[in-house]
Amino acid sequence: MRPPHSCFPAFGSIKSTASEAFRTSFQLMQHACSMSTVCNPRSSIEATMNRGCQAASKGPVRGSSCATRKSALHSLCNGNVSLRLRHVASLRTRTLFSCASSSHASLCDAISEAAATLQPQLSLQQASLVLITSNAAMPLDNTSLTQQLQQLFPHAQLVGAISPPASASMPPIDQLPVEGSANGEQDRSPSTQVLACALKDARVRTFYADAPTLPELPDLEALMVQKQHPHMLLFATASFPLSQQLSVLDAAFPSGTKAGAVLDDQAMLLVGDGERVEAHARGAAGVAFLDGVHVDCVVSHGARQMAKVAVTDRSGGRINKLANSSAASVVDQVERLGGKLLFALTSPSVTQPVIQQPTYEADGAISVEASCGDLVLGSDDADAVLLRPDAAGADEDLTICMSRYAEALRTQTVLDEQELTTSVDSAAASSDGGAAATRERLSHAAAASLGAAIVVTSHERALGAFFGRPGHEASAIRRCLLRPSLPIATVTSRLQIGSLPPAPKRERTRTLVHASSCVAVLLRAARARNAAAPTLLCDGGSERKRFGGVLSDAPQMLIQALGADDAEAALTVETDASNGSADQSVPLAIVGTFLFPGATASFHIFEPRYRLLLQRAQKYGTPLAVGADTTLGTTAEIIEYRELLDGRLEVNLRGRRRFLASGQWVLPGSFGLWMVNPTYFDDDSNGEASDLAQTEVHAKMADLAKTNLSIFARVCEHHAWPIDKLAGPTPSETDPAAVSMWMAAAMPAELERKRSWMLSQDVVERLRSQGEWLAWAVAQNAAKPQK
């Protein structure tokens, strides 16, 4: 079957010296490479050359031999090897994805608007899979909705997750304001997203189950016998016995990826095959990817571990005792010290703590999700883990996981393209770019096989309350994969379903139900005979152990890529008008101390987020701020910058201007870098005082500065401190304000005392307080017995 004309590449750049017959041969070769399975690129290309020669022999150059025409065709390809390889690689990507959104309150109107947006990008007649997620109002009669879906997507397998209108839902990713919900308010406005896929060489089937069972799939028995395990995307209502369903799927298809969501109460499911679409208020609906598409899964939460307690008494999914004490009382005691925490379970059989939605019973027991209880609690050494939610840690964990996924994708791309690269090495070697450049182009083109992503996340993570701005995880995934236009649909849910990679010394992959987590489902085209297993990743926390030393290749490469991207650097200087201020948001490095204006300080930078921050600031001059926490900081400039061989940095910074921070949010895909909206302040100028009063004030400040400098110099001499290296060169006593800032930075006072000096806008008061602290320090030193 001849493809539509739009499938053929433009040939305007091919050299005009080539005959029309060879143009035809070249076109046929590309057509065959795009329509065949490309399992053996060499044989495919040679066979296509022969067919091209036969076709060309009927044209104007009929008198030429086939061997001569082959030779001419090779010459043509050698002269345009870059063009040919680019087209071959791009045409191999036969899976198209596109996502559109709408904010209509009516579900029917929202779907119509999203479909109109999709039409220019992907013909709805060609769509073979459609995913709809929404919290818009469904019509009273579902008949009109199902008829609309059948007309819009006549040949598509369709599945939809429709949350009740009252539930919180994330606004469409492409309609998020630049400033977002910086104040952490949740957006409950209607939101509908439609992800359409044209899976030309893939087989997909939607299914529905009102009770746990194997889905009715074509050739199900053959799939199980041949161990061709399909991947599953599953959406379940709150009342559905999900643990039993996951057990069935894991037993039948152990190597297939399973991911999805448990929806809110009163949610509706849509499922259909183009000829018929149904709406269900209970049960589970899903998509089975039988062939042609890899479904990868990344599970991330990034919460910080606060306590780990052994499970000493349990029965099924019910935990009676932790460390031989009442389970609920142990959790209560830890929360009194650390605030409200997340409850998770872990054992040697899982690769990261699995966050639960526990139920606290009246008798002091804790009940958890049965699917997790059967797997995790089945181990004799299962533990309960109490975790603290942390937005920066969550972004750091997701960024590290996605950097590892990008590395796995690059590795798989190299393997997938090895045969094709080998078949064109002779042509590439004679081109200007050389074989290395050709391989690089192939790798980048094949990496485009990653077509779309589905982000399943909790309500608090998807909305502005957790990260500070909504849509964080989708933005982070796009940045980490360097794919700013990657189609992503986001599903907010009560619970998240995701397969975890096998634990060490274990081979079996198990699917668990998570809470307060992010499950990224990544869809990519697969070659027909590609036997590679799907990529399953989780727990970037192990990478944190390396922060003090050498990072692994994946995050280090991502730091270099993001740090060298001027478009990414521009994200750190966006203007925030959410609070009526024209000040720019600034990235804040939390270093546990304050950098005072005019003073200098040296830092050893080993955390990935600060490596990225300093790299951008050095290369592009982007803003930089330092503070002890996210409430108070100082803008800074780089005085010295030195990069070590392992990627760590040694920098010297000078403080510039103080500010109070508000509207804190985490920059997506930055390893957990906080952004803040600064409100700048300076010392009072005493502008309204008379000249005589100002003279008296300046005289008092000069006396205090001189006295404090003299006392501090004696203290430094007594302790052999290098006074000029503590916070930069000692300022002149004729500049009392500079002296007060320099001494605030140089003196080894406690952090809260430094905070008070940082906040003070009265130079006289700051100098007087510093003098009192010096007198106290001298008295303390005199009271100590001499050695």
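Points to keep in mind about this one:
- Against the test of being surrounded by fewer than 24 Cβ atoms within 10 Å (Cβ to Cβ) and of a type outside the set (Lys, Arg), the options Ala489, Ala476, Ala453, Ala465 yield a single qualifying residue, Ala465.
- Of the strands (runs of 3 or more DSSP E) lying entirely inside region 277-388, the ones with 1 or more residues being within 27 Å of the chain's Cα centre (by Cα) are found at 284-291, 293-300, 304-315, 342-346, 383-388.
- Residue in region 719-726 that is at pLDDT below 90 and touching a Phe, Trp or Tyr at 6+ places or on another chain (Cβ under 9 Å) present: yes
- When residues of region 225-241 are limited to those that are open to solvent by 70 Å² or more (accessible area, probe 1.4 Å) and over 12 Å from Leu290 (Cβ atoms), the one farthest from the chain's Cα centre (by Cα): Val225
- Residue match in region 681-689 (condition: surrounded by 12 or more Cβ atoms within 10 Å (Cβ to Cβ), of a type outside the set (Ser, Thr, Tyr) and assigned to a helix (DSSP H, G or I)): no
- Looking only at residues of region 350-364 that are polar (S, T, N, Q) and under 14 Å from Arg510 (Cβ atoms), we find that the one that is surrounded by the most Cβ atoms within 10 Å (Cβ to Cβ) is Gln352.
- Val334 at negative phi and touching a residue at least 60 places away in the same chain (Cβ under 8 Å): no
- Pairing residues of region 143-162 that are open to solvent by 40 Å² or more (accessible area, probe 1.4 Å) with residues that are part of a strand (DSSP E or B), at Cβ distances under 8 Å and at least 6 apart in sequence or on separate chains, gives Gln150/Gly272; Gln150/Val277.
- Residue ID - modelled with the highest pLDDT, chosen from residues in region 163-175 that are part of a loop (DSSP other than H, G, I, E, B) and open to solvent by less than 40 Å² (accessible area, probe 1.4 Å): Ser163
- Long-range neighbours under 9 Å by Cβ, at least six apart or interchain, first residue of a type in the set (Val, Ile, Thr) within region 766-780, second open to solvent by less than 60 Å² (accessible area, probe 1.4 Å): Val778/Ile711; Val778/Val715
- Candidates in region 469-491 are the residues that are in contact with a helix residue (DSSP H, G or I) (Cβ under 7 Å, 6 or more places away or on another chain), outside any helix (DSSP H, G or I) and not hydroxyl-bearing (Ser, Thr, Tyr); of these, the one that is farthest from Tyr405 (Cα to Cα) is Pro470.
- Qualifying residue in region 629-636 (condition: closer than 16 Å to Phe606 by Cβ, in contact with a strand residue (DSSP E or B) (Cβ under 8 Å, 6 or more places away or on another chain) and open to solvent by 10 Å² or more (accessible area, probe 1.4 Å)): no
- Breaking point among (1) more than 25 Å from Ala489 (Cα to Cα); (2) modelled with pLDDT under 90; (3) surrounded by 15 or more Cβ atoms within 10 Å (Cβ to Cβ), for Pro212: (2)
- Test result for Arg439, at pLDDT 75 or above and open to solvent by 30 Å² or more (accessible area, probe 1.4 Å): no
The values are calculated or read from the model by the stated rules, or taken from the named source; none is laboratory data. What you see is a predicted model, and the numbers here were worked out from it, not measured in a lab. Here the Cβ is made from the backbone with ideal geometry for all residues, glycine too, and neighbour counts use every protein chain on show. Ligands, DNA and RNA are stripped out before the accessible areas are found, and what is left, the full protein with its side chains, is counted by its heavy atoms. Shrake-Rupley method; radii C 1.70, N 1.55, O 1.52, S 1.80 Å.
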